[in-house]
């Protein structure tokens, strides 16, 4: 038996529903149907009245959840795809994110965003929205890359009094498996050294952690390079202590992300490393993101749109040869 | 009609008018930073709603022109003057201003500027009560204008509230102008009330310049929602008797509209109605005016003497929790 990434998300929600009467789930097709990705399969039957189908109204879904959170509930909203959260943007960034600062009343809301590309999913079912939400004060944004993190970070997100945008990667849903849900006890806000190394640091998050590990293995086989991979786990807050400690060991930084290249998490990481650890760098830091177009539909185009082990190796070789 | 309900409503109308006249003067004297937004001409609608709700049990999400409803619901005047004048002791501590204030834990959420957004928010507060098993006898209400009915948020929210069949009342004050945009550039349906049927809400029309009609119709809509008849929509026809804000002279409002029945002052109407119906007397109303003018004066004076926010001591944190000992 093994547990997939989406199983872990389902398990976490089952645990939360069982242990916390304040928790309820709200989203499109999540009740009897079990969700577009089956992340809520069986939960409506197990917890009657607490797994609720919403109309196709992303704005109202978040507005509703904020209201329920103010009243002491712990709603988890499933956006069917992260892309559709653009319709809920106003409620997320203006209602939920500003509420604590304006009124002193926190909003314990968790928004699940099925994020990132999969072959054939195209421009409107593939987006990575983490940087958009991380930009706004008042939001916590997490990007689990492992089965255990998918589970534990969802539990931790719901336990937080503040709104959390939980970015779960669709490509990892069934591909990523673990024998069981283990955990290393890292809290939200702490990055993890996924693979230790000494020649260069790759800072990644979500599905790109796995691509970075693949690239690191190739470079080890190719030339004995030891590439350190840092999994940010949460993009807000950013664990700069772990990032800077890694860069101090390696002297070289590649910031890697699947999102669009303008601005975003990789730009933030590079900017902060330059500002806070310029003296640690032996080479100009690099960024690698998706291409600057909408996410294409065709699998061949899609595979070349996002960073791949090949493109990551190219970036790393240039970084290592500086 | 319940005598105490009408008297509560009228007193809130009167108090709100006196307070807002003072706010207007303060703005014109340069004592208020940012905007001042009045509910002049809309007090009857707003107060009829606020007075029909019970603070501590019901939920009221006021919007831009709801000073009267806030007062009727039980918001103290000092919350208003502190927020307008930037007192750090107010509910928003200088972090937000003017009508963007509330006390969410007392059932009065603080509006954001984005119109229609409070509709699903109130729906969610009611959903929480339902999930907790304490929805019985509770009503949630919010107010919008004609302009807000054009937003996607309004549509999504009203539809969701109807799907969930929540005990909610949405009061639409059609004051003919959304800022400067007249109805004929805002919507193309014959009457906004027709939308109630489309959404599956009970629909009620009322002359917003007629306080007793407002009391009857809005009071009934609230009673229906409270009694389990599902969500209700009230559409009130009236005219905004001020600009959008005090920076705006409203010169785009045609004179013949001002002179029409829509432009009647609900407060003047209300004084006549209160006396004619035997709900009050000239002497009593004059006494209220004096009492409330003093109350307004005291609330302004107190807020003016209070400390304003100190950026050096401001808690510049947007999240309530810290992670790893650091602010997020």
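Restricting the first residue to the range B:278-303 and requiring it to be closer than 15 Å to residue B:10 by Cα, which pairs with a second residue that is exposed (fewer than 14 other Cβ atoms within 10 Å of the Cβ) meet a Cβ separation below 9 Å and a spacing of at least six or different chains?
B:278/B:3; B:279/B:1; B:279/B:3
Report the residue count in the range B:127-139 for those that are more than 7 Å from every other protein chain (Cβ to nearest Cβ) and either at negative phi or in a helix (DSSP H, G or I) (or both).
Result for the range B:127-139: 7.
Go through the range B:171-194 and count every residue that is surrounded by 14 or more Cβ atoms within 10 Å (Cβ to Cβ) and either farther than 27 Å from residue B:43 by Cβ or within 13 Å of another protein chain (Cβ to nearest Cβ) (or both).
Matching residues across the range B:171-194 total 0.
Given the criteria more than 20 Å from residue B:238 (Cβ to Cβ), assigned to a helix (DSSP H, G or I) and in contact with a helix residue (DSSP H, G or I) (Cβ under 6 Å, 6 or more places away or on another chain), does residue B:71 qualify?
Against the criterion (more than 20 Å from residue B:238 (Cβ to Cβ), assigned to a helix (DSSP H, G or I) and in contact with a helix residue (DSSP H, G or I) (Cβ under 6 Å, 6 or more places away or on another chain)), residue B:71 does not qualify.
Per-residue answers, yes or no, for (1) away from every other protein chain (no Cβ under 13 Å); (2) within 21 Å of residue B:322 (Cα to Cα); (3) buried (at least 24 other Cβ atoms within 10 Å of the Cβ):
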{"position": "A:160", "(1), (2), (3)": "no, yes, no"}
{"position": "A:172", "(1), (2), (3)": "yes, no, yes"}
{"position": "A:184", "(1), (2), (3)": "yes, yes, no"}
{"position": "A:197", "(1), (2), (3)": "yes, no, no"}
{"position": "A:204", "(1), (2), (3)": "yes, no, yes"}
{"position": "A:208", "(1), (2), (3)": "yes, no, yes"}
{"position": "A:217", "(1), (2), (3)": "yes, no, no"}
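Going by what's in this entry, would residue B:277 be described as crowded, with 20+ Cβ neighbours inside 10 Å and either within 14 Å of chain A (Cβ to nearest Cβ) or closer than 17 Å to residue B:213 by Cβ (or both)?
no
Restricting to the range B:77-92, count the residues that are touching a residue at least 40 places away in the same chain (Cβ under 8 Å), outside any loop (DSSP other than H, G, I, E, B) and under 19 Å from the mean Cα position of the chain (by Cα).
Residues of the range B:77-92 that are touching a residue at least 40 places away in the same chain (Cβ under 8 Å), as a first pass: B:77-78, B:80-82, B:84-90.
From what is left, the residues that are outside any loop (DSSP other than H, G, I, E, B) are B:77-78, B:80-82, B:84-85.
Narrowing further to those that are under 19 Å from the mean Cα position of the chain (by Cα): B:77-78, B:80-82, B:84.
Adding up the residues that qualify gives 6.
For the condition at the interface with chain A (Cβ under 9 Å from one of its Cβ atoms), surrounded by 20 or more Cβ atoms within 10 Å (Cβ to Cβ) and part of a loop (DSSP other than H, G, I, E, B), what is the one hit in B:124, B:116?
Residue meeting the stated conditions: B:116.
Can you tell me which of A:86, A:126 is closer than 19 Å to residue A:176 by Cβ and in contact (Cβ under 8 Å) with a residue 24 or more places away in the chain? Explain how you work it out, then say what you get.
Details: A:86 fails: closer than 19 Å to residue A:176 by Cβ.
Answer to the selection: A:126.
Please count how many residues of the range A:118-130 are closer than 22 Å to residue A:230 by Cβ and more than 10 Å from the chain's Cα centre (by Cα).
Total satisfying the criteria: 0.
Among the residues of the range A:101-118, which ones are at pLDDT 95 or above and either more than 21 Å from residue A:154 (Cα to Cα) or in a strand (DSSP E or B) (or both)?
Correct list: A:101, A:102, A:103, A:104, A:105, A:110, A:111, A:112, A:113, A:114, A:115.
How many residues are out of contact with any helix residue (DSSP H, G or I) (no Cβ under 7 Å at 6 or more places or on another chain) and either surrounded by fewer than 21 Cβ atoms within 10 Å (Cβ to Cβ) or at positive phi (or both) if we restrict to the range A:243-280?
13
Mind telling me which of the residues A:20, A:59 ends up being surrounded by 24 or more Cβ atoms within 10 Å (Cβ to Cβ) and either in the same structural domain as residue A:162 (by TED's automatic domain parsing) or touching a residue at least 40 places away in the same chain (Cβ under 8 Å) (or both)?
A:59
Do we find that residue B:282 is under 23 Å from residue B:80 (Cβ atoms) and touching a helix residue (DSSP H, G or I) at 6+ places or on another chain (Cβ under 8 Å) in this structure? Before you say what the answer is, go through the steps one by one.
Numbers: under 23 Å from residue B:80 (Cβ atoms): no; touching a helix residue (DSSP H, G or I) at 6+ places or on another chain (Cβ under 8 Å): yes.
Here the answer is no, as residue B:282 does not meet what is asked.
Give the number of residues within the range A:212-245 that are touching a residue at least 60 places away in the same chain (Cβ under 8 Å) and not in a helix (DSSP H, G or I).
9
Given the conditions (1) in contact (Cβ under 8 Å) with a residue 60 or more places away in the chain; (2) closer than 26 Å to residue B:156 by Cβ; (3) touching a helix residue (DSSP H, G or I) at 6+ places or on another chain (Cβ under 7 Å), and given that residue A:26 satisfies all but one, which numbered condition is not satisfied?
Condition not satisfied by residue A:26: (1).
Out of B:66, B:96, which single residue is touching a helix residue (DSSP H, G or I) at 6+ places or on another chain (Cβ under 9 Å), within 24 Å of residue A:101 (Cβ to Cβ) and buried (at least 24 other Cβ atoms within 10 Å of the Cβ)?
B:66
The values are calculated or read from the model by the stated rules, or taken from the named source; none is laboratory data. All figures in this text were calculated on a predicted structure; none of them were measured in a lab. Ideal geometry is used to build each Cβ from the backbone, glycine not excepted, and the neighbour counts take in all protein chains shown.
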